[in-house]
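Here the structure comes first, spelled out in structure tokens, and everything after it is commentary.
Read-outs throughout are calculated quantities, based only on the coordinates presented, and are distinct from any laboratory measurement. What you see is a predicted model, and the numbers here were worked out from it, not measured in a lab. Positions of Cβ are generated from backbone atoms using ideal geometry, with glycine treated the same way; all protein chains shown enter the neighbour counts.
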Amino acid sequence: MFVMAGRVIIICLLWACVSVCECEPAMFGEVSSPQYPQPYPANFEEQWDLEVPQGYQIQLTFNHLDIEPSPNCYYDSVLVVSGEKVLGKFCGQNSTDRFHPGEKPILAPGNRLQLVFLTDDSNHESHLGFAAFYQAVDIDECSSISVENDPPCSQICLNTLGSYLCACHHGYTLRSDHRTCALDCGGGVHSELEGTISSPGYPDMSPHDLDCVYSISVEPGFIITLNFSQTFHIEQVYNQGPACLFHWLQVSVLGKHSQKYCGGNSPGVLKTGTHSVQLEYHTDRYGQSQGWSLHYSTQRVECPHPSSISNGRVTPHFTKYLYRDYIHVRCNPGYKLMMGEKETASFKSVCQSNGQWHLTLPECKIIDCGDPKLLLNGVVEFISGENNEYLSVIEYHCNEPYYRFKDTPKVRYTCSEDQKWTADDSKDNISPCVPVCGMNTEVSFGGRVFGGMPARPGQIPWQLLHKTHTIGGASLISDYWALTAAHLVDGFENANMTWLGGIIDGQDKNAVIMETEKIIIHPNYTRVGKSEDPTNFDNDIALIKMSARVPLSPNIRPVCLPKKTHEPVMEGTMGTISGFGVFERSIRSKTVRYGHVQEYPLDECVSGDLPVTENMFCAGDDVKSVDSCAGDAGSPLFFPMLGYGTEEQPYEVRGIVSWGPSGCGNEYSKGFYTKVQNYLDWIRETMANN
């Protein structure tokens, strides 16, 4: 009994059916006689059907064979059969026996073999039988040895495992039978960047009646070059000169005249200059042309070499710039990229398929930091460079002698790479110009006494005069703010008060007129009604903010505020009071007058019934009866600041004319002044917040 491979056997027992599928035959296997390697039985017959997959030959090799020898293997034998053909009948014990197969493989013409093992009952000795190995061997259908009838392919045969494939020469296509080829040299486009094309049958003779069209079309941006082989032959007719009349190869390039080629000289290398080429090959019914072959290649289109960029550089640097190459332009430090009139942060351009850069090259223009910031009460001066360009250096100056920088004599800025004016000390903010305080046109020092005389222009440039409601004075302490007595402006905080400055004569028509923006009275001052007189002058101090910046000049300048801890007044050290008040016999002065006084201990000053506090001090002159009087309220009492040389000694306001007992200028009564030193924090905070 044996089973046929590759079959489906259905066995039905009663009502149950079982389907058994045997799969594709194996590629190899083993077979041996019954009971091997024990002696085989007598009077025995068995058959094996061996099979490998289609497309292969089956090959059998005996690994061992020990069968009773006899002439022509008459008694016992193993028979190898392929179809109806006997491939061998074997017996014996070793390879020297006549009918022993040895180790030589037995190759069947097909994929099937049968083994038949026969024994009789005449065995006088024990024999082991046989063991064999079979395997699939690929058939080379393309080999002339294996081809018995017609070749499997009309042109090209390609052997494969278990089968074969047919192919055709260039210019031919495989027919539907997958074996034979038909001429077909037209149509189709070669779009690869490199390839080979030849005439049908090349290098053999071309068929007659050809009209072959070959198109080479690659991506724009690439240029095709044709390189013809040296073996080139197209029939040429000589009739008063060479002419391609009957056979020819025509090369057509877009935008150029077509060119025909024939004869035996190869065109060699043709640079087409374009990305699309068409070749037409024609033969008639007569003549002989061996044909042609070419290899085409492509090169990228070249763009113009970018010219050098002034004050910049182009990267990367190539000898040639080809299609799809990118370039970047970077400017040297201190220069900016400009596309026309527009600045750009970066620049990149690509070489296009038409051989042009997609963007024109920019320019590198020197950085312009723009106009320097204006300095209030100051000017800017170019130290080097011009037009606000890179590395230009500017220097700020305050409008001297009326303004100066608080911490530094001058400030320099340089136009930097980031298009900003950068200070030498790396600070971005420009120091403001602050008014120079305490300076006048006639400097006094030591024990010099003014002596109650009319002032000359510029001697007391901080003295202000108020004439709208009541005559009084104030001290200019900046180009916006003035200091006065609270009782002078009490009740007029919301009124528009007018102050005069820069004058020594209250009738001077050239006075600087200052309108108030706000009046701020010290919060601890005791307010009274408009018709009442103050009974407590503690905290008698107020700040006036002008509605516009006061134009400083030799005749109008601020006085300095005192230091928080100033030295006690030494005996003989005199200060100066000034004002437009009464100076004799109840006569109010039309001009500003000044006098020299000194501070006294509070216990040496008569105060009457009014309270005296630590926020006050008294001053006067026992000898010359110099004193402040009615109409001087709010005016300053100022002293030379200590610690300066004799050439330039500023003044500081230490007191504000506040009040006094009845009478002016007698030796027993002194004037009382608000002690400015006690209010420095309030003054600076109020000015900063308003």
Fully extended contour minus Cα-Cα distance, from residue 526 to residue 339, at 0.36 nm per residue: 60.3 nm
0 to 90° range, to nearest 10: angle between helix 680-689 axis and the chain longest Cα axis: 50 degrees
Inter-label distance, nm, simple model (7 Å from Cα along the C-beta direction), residue 178/residue 227: 3.8 nm
Segments 492-500, 50-58 sorted - mean Cβ within 10 Å per residue, highest first: 50-58, 492-500
Charge-dipole axis of the range 302-366 as Lys and Arg at +1 and Asp and Glu at -1 on Cβ define it, positive-most pick from 352, 311, 323: 311
Computed label-point distance, nm, for sites residue 133 and residue 429 using a 7 Å Cα→Cβ extension: 9.8 nm
Value of [θ]222 nm, deg cm²/dmol, for the chain, DSSP H segments ≥ 4, -39500 (n - 2.57) each, nearest 500: -500 deg cm²/dmol
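Based on Cβ point charges of +1 for Lys and Arg and -1 for Asp and Glu, what charge dipole magnitude is obtained for the range 107-251 about its Cα centre, in debye rounded to the nearest 20? Present the calculation step by step, with values, prior to reporting the outcome.
Values: 3 positive and 17 negative charges, 74 e Å.
So the dipole magnitude of the range 107-251 works out to roughly 360 debye.
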Placed amide H near residue 321: partners under 5 Å, 5+ positions off or other chain: 303
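Take the Cβ-Cβ distance between residue 269 and residue 159 as r, set R0 to 30 Å, and report the resulting FRET efficiency rounded to the nearest 0.05. Walk me through the numbers on the way to the answer.
On the way: r = 38 Å, r/R0 = 1.28.
After rounding to 0.05, the efficiency reads 0.20.
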FRET efficiency for residue 591 and residue 689, using Cβ-Cβ distance with R0 set to 30 Å, rounded to 0.05: 0.25
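Too long at a 19 Å Cα-Cα cut-off: which of 406/675; 427/563; 271/348; 373/427; 342/427; 467/675? If you can, show how the numbers build up before the last one.
Numbers: 406/675 25 Å; 427/563 28 Å; 271/348 31 Å; 373/427 14 Å; 342/427 30 Å; 467/675 25 Å.
With Cα atoms farther than 19 Å apart: 406/675; 427/563; 271/348; 342/427; 467/675.
Run the dipole for the range 277-359 about the Cα centre, Lys and Arg Cβ at +1, Asp and Glu Cβ at -1, nothing else charged, and hand back the magnitude in debye, nearest 20. Before the final figure, lay out each step's value.
Details: 9 positive and 6 negative charges, 80 e Å.
The calculated dipole for the range 277-359 is roughly 380 debye.
Report relative contact order for the range 185-300 in percent, whole number only (criteria: Cα-Cα under 8 Å, sequence separation at least 6). Before the final figure, lay out the partial values.
Values: 295 pairs, mean separation 49.1, N = 116.
With pairs under 8 Å counted, the relative contact order is 42 percent.
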When each of 518/590; 509/590; 365/420 is checked by Cα-Cα distance, pairs over 25 Å: 518/590
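Take 317, 282, 208, 247 and order them by how many other Cβ atoms sit within 10 Å, fewest up front. Working shown, then result.
Working: 317 9, 282 20, 208 13, 247 25.
The most exposed by this proxy come first: 317, 208, 282, 247.
When the chain is fully extended, how far beyond the present Cα-Cα distance does residue 356 get from residue 368, taking 0.36 nm per residue of separation? All intermediate terms of the calculation are to be shown ahead of the outcome.
On the way: separation 12, 0.36 × 12 = 4.32 nm, distance 3.19 nm.
Using 0.36 nm per residue and subtracting the Cα-Cα distance, I get 1.1 nm.
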Cα pair distances in the range 378-425, grouped into 10 Å bins until the bin that holds the longest one, percent each: 28, 49, 22, 2
17 Å cut-off, amide nitrogen to a point 7 angstrom out along residue 553 Cα→Cβ, residues in the range 343-377: none
Average projection area in nm² (convex hull over Cα atoms of the range 305-364, one quarter of hull surface): 4.0 nm²
Least to most buried among 453, 641 (fewest other Cβ within 10 Å first): 453, 641
Residue exposure sequence - 577, 309, 216 - by fewest surrounding Cβ within 10 Å: 309, 216, 577
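Counting each pair of different Cα atoms once, what's the Kirkwood radius of the range 211-367 in Å, rounded to one decimal? Each step should come with its number before you reach the end.
Working: mean 1/r = 0.0526 Å⁻¹.
Answer for the range 211-367: a Kirkwood hydrodynamic radius of 19.0 Å.
What value does the range 90-178 have for Rg/Rh, both radii from Cα atoms and Rh as Kirkwood defines it?
On the way: Rg = 21.6 Å, Rh = 17.6 Å.
Ratio of gyration radius to Kirkwood radius: 1.23.
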Extended-chain gain in nm, criterion 0.36 nm per residue less alpha-carbon gap, residue 191 and residue 23: 55.9 nm
Among 562, 399, 659 - extreme Cα towards positive end, dipole of the chain, charges at beta-carbon: 659
Viscosity 0.692 mPa s, temperature 37 °C, Stokes-Einstein D of the chain from Kirkwood C-alpha radius, µm²/s: 83 µm²/s
Proximal aspartates and glutamates relative to residue 336, as straight alpha-carbon distance under 14 Å, when same-chain residues fewer than 8 apart are discounted: 363, 368, 389, 417, 418
Packing rank of 671-683, 128-140, where each peptide gets the mean count of other beta carbons within 10 Å, highest leading: 671-683, 128-140
Partner aspartates and glutamates for residue 320 [C-alpha distance under 12 Å; skip if fewer than 8 residues away on the same chain]: 302
